[in-house]
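What follows is a single structure, written as structure tokens, with notes after it.
Each reported figure results from applying straightforward, stated rules to the coordinates on display, with no laboratory input. Please read these numbers as outputs of a predicted model, since none were measured by experiment. Here the Cβ positions follow ideal geometry from the backbone for every residue, glycine too, while neighbour counts run over all protein chains shown.
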Amino acid sequence: MNATLAREALAVPVLWRPLSDSDIETVAALERAAHVAPWTEGNFRDALAAGYAMQVGVADGAIVAYGVLLFAPGEAQLLNLTVAPEVRRQGIGRALLGRFLADAGARGAEQCFLEVRVSNIPAIQLYAREGFVPVARRKVRAAAGRAGKAGRAPTMRRFEERWQRRRDEGNL
Ligand SMILES: CC(C)(COP(=O)(O)OP(=O)(O)OC[C@H]1O[C@@H](n2cnc3c(N)ncnc32)[C@H](O)[C@@H]1OP(=O)(O)O)[C@@H](O)C(=O)NCCC(=O)NCCS
């Protein structure tokens with residue numbers, strides 16, 4: 001399979017490819033519509049320049065999903081995962097998460113971390129179903145314009161399968 005351009009077997013056919021500079025304006029607009037504390041265009045540009053793994057999903061010529069994964073020795077951190085509202089609940093978020101986790105595993109990551117607001121039930125359900133477990137909670141500063149309403153965001157962690165298997169076999 002072409003690693004940079006693959007079609008998923010989804011209700012909405014999605015082509016995946018790396019995010020490029022020319023996608024940033026569109027992705028930032030989706031981001032503003034989807035998040036309480038959205039990344040700015042500058043944040044996306046910085047992430048691209050830093051070499052983070054960034055993917056967009058395209059359906060009918062339009063970007064409908066994107067995500068950002070950061071690699072560190074032995075682990076990965078999911079920094080962003082977003083699906084356009086009109087195509088949610090059709091497996092696209094799970095598909096992108098699966099692609100990132102497969103990539104992380106192939107690059108030797110043994111675990112993957114992410115943070116999610118405790119109020120974000122759709123995302124928490126998705127991560128829990130894919131095997132993430134909560135490992136910590138931390139207070140986050142309130143978003144601009146919401147002074148005084150500090151949210152709490154749990155950090156969640158997923159063991160990579162082969163690590164889990166070694167644990168099950170008593171080798172860790
Ligand atoms: C979280 C998000 C990425 C999920 O994307 P999606 O494509 O709608 O998710 P999927 O269709 O792949 O759903 C996979 C599973 O997640 C869970 N899930 C997704 N949306 C859900 C919802 N609204 N309510 C409850 N569970 C939900 C379900 O378990 C679902 O499996 P099922 O449909 O078989 O029951 C999407 O809602 C989104 O972009 N939200 C805004 C941005 C965001 O909060 N990103 C996460 C930041 S940490």
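Data overview
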read-out	value
Single residue of the stretch 70-91 satisfying the filter (surrounded by fewer than 19 Cβ atoms within 10 Å (Cβ to Cβ) and near the ligand (Cβ under 8 Å from one of its atoms)) that is nearest to LEU19 (Cα to Cα)	ALA84
Qualifying residue in the stretch 99-120 (condition: polar (S, T, N, Q), more than 21 Å from TRP16 (Cα to Cα) and assigned to a loop (DSSP other than H, G, I, E, B))	yes
Filter result for ARG89 (assigned to a loop (DSSP other than H, G, I, E, B) and touching a strand residue (DSSP E or B) at 6+ places or on another chain (Cβ under 9 Å))	yes
Yes/no for ALA53 being among the aliphatic types (A, V, I, L, M) and either at positive phi or out of contact with any strand residue (DSSP E or B) (no Cβ under 8 Å at 6 or more places or on another chain) (or both)	no
Qualifying positions in the stretch 97-127 - farther than 17 Å from VAL36 by Cα, near the ligand (Cβ under 8 Å from one of its atoms) and of a type outside the set (Phe, Trp, Tyr)	LEU97, GLN125, LEU126
